[in-house]
Amino acid sequence: MIKMEPLLKIENLTVSVCGKKVVKDVNLEINRGEIHALFGLNGSGKTSLIQAILGNPKYKVEKGVIIFKGENILKLPTYERIRLGIGAAFQSPPAIKGVKLIDILKVCARRNIKKIRSYAKELMMEDFLWRDINYGFSGGEIKRSEILQLRAQNPEILLLDEPDSGVDIVNIRIIGEVINKILEKYKRHSERKKSALIITHTGSILYFVHADRGHVMINGRIACSGNPLDILERIKEKGYGECIRCVRES
């Protein structure tokens, strides 16, 4: 059997911000059709990892490579990485006065108004299309706005930074259903081409979007990997103290 190249492959990645190392020797492979969950305390390097994948210039890659669709993307600017098929939803995206949500959706969906209206209906965002992006939106509305933009973009890999943070159960369900559509969860696993890396602190999103593999990040390193729901239950029962202890003993 021919082994397929991972959609996203990260090797020995070390990243610094203002001279401080925030990601340390991280190795991660995500195959097509796979969903990975990333757990960790605040400040453990999870968001920094996503920012490095996106090519945020504030995050300096000290060593290692990021390979997407077989190509080392380290020298590519963010917009080229997006064009290749990387999409992201941020934990706290900014409000943008003067730019209507419909305007950015037209760019993402190549001006297909019919699709935009259909996607907006899925996320109960029809009444927000002509409002300034995220301006005056509630927490749940901002999260739905982010997922709506991803739905229109239709990327090959989703980088989701705490899509369940500060969101009630109704909004998590709506967001989860649309994420599943983007990820082609209605297809058999072997036929799915879309993948995701989901950062989650509470783990609530994982009850709606079932992940294939979970990882715990401690002090910039991936400390352990395994079944995401098993990891979540251990964290809920014992906190991250056990994970930190494992890192110290290894």
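What to note about this one:
- Computed over Cα pairs, the Kirkwood radius of the chain leads via Stokes-Einstein (0.692 mPa s, 37 °C) to a diffusion coefficient of 176 µm² per second.
- Between E126 and D103, full extension at 0.36 nm per residue minus the direct alpha carbon distance yields a gain of 6.9 nm.
- Tail weight of P(r) past 22 Å, computed on alpha-carbon pairs of the stretch 1-150, percent: 51
- Theoretical gain in end-to-end length, S190 to D230 [0.36 nm per residue, Cα-Cα removed]: 12.0 nm
- At q = 0.13, 0.14, 0.27 Å⁻¹, base-10 log of I(q)/I(0) for the stretch 22-97 (Debye sum, equal scatterers on each alpha carbon): -0.43, -0.50, -1.69
- Ranked by how many other Cβ atoms sit within 10 Å of their own Cβ, fewest first, the residues Y119, Y135 fall in the order Y135, Y119.
- Legend: Rg and Dmax of the stretch 117-188, from Cα coordinates, 11.8, 40 Å.
- Residues listed by number, the stretch 197-211, amide nitrogen under 17 Å from L84 label point at 7 Å toward C-beta: 197
- Computed as a quarter of the hull surface, the mean projected area of the alpha carbon convex hull for the stretch 55-117 stands at 6.1 nm².
- Ratio Rg/Rh [Cα only; Rh per Kirkwood] for the stretch 134-240: 0.97
- Peptides 186-197, 22-33, ordered by how many other C-beta atoms sit within 10 Å of their residues on average, highest first, read 22-33, 186-197.
- Sum of side-chain charges, N134 neighbourhood, beta-carbon under 12 Å (Lys, Arg +1; Asp, Glu -1): +2
- In this structure, the amide hydrogen of E34, modeled 1.01 Å from its nitrogen in the peptide plane, lies closer than 5 angstrom to those of A196, counting only residues at least 5 positions away or on a different chain.
- Per-selection Kirkwood Rh - the stretch 1-53 (Cα, Å, 1 d.p.): 12.5
- Charge tally in the Cβ shell below 9 Å around V17, where Lys, Arg are +1 and Asp, Glu are -1, V17 excluded: +4
Rule-based calculations on the coordinates, nothing more; no lab input. Since this is a predicted model, take the numbers as computed values, not measurements. Every residue, glycine among them, receives a Cβ derived from its backbone with ideal geometry; neighbour counts consider all protein chains shown.
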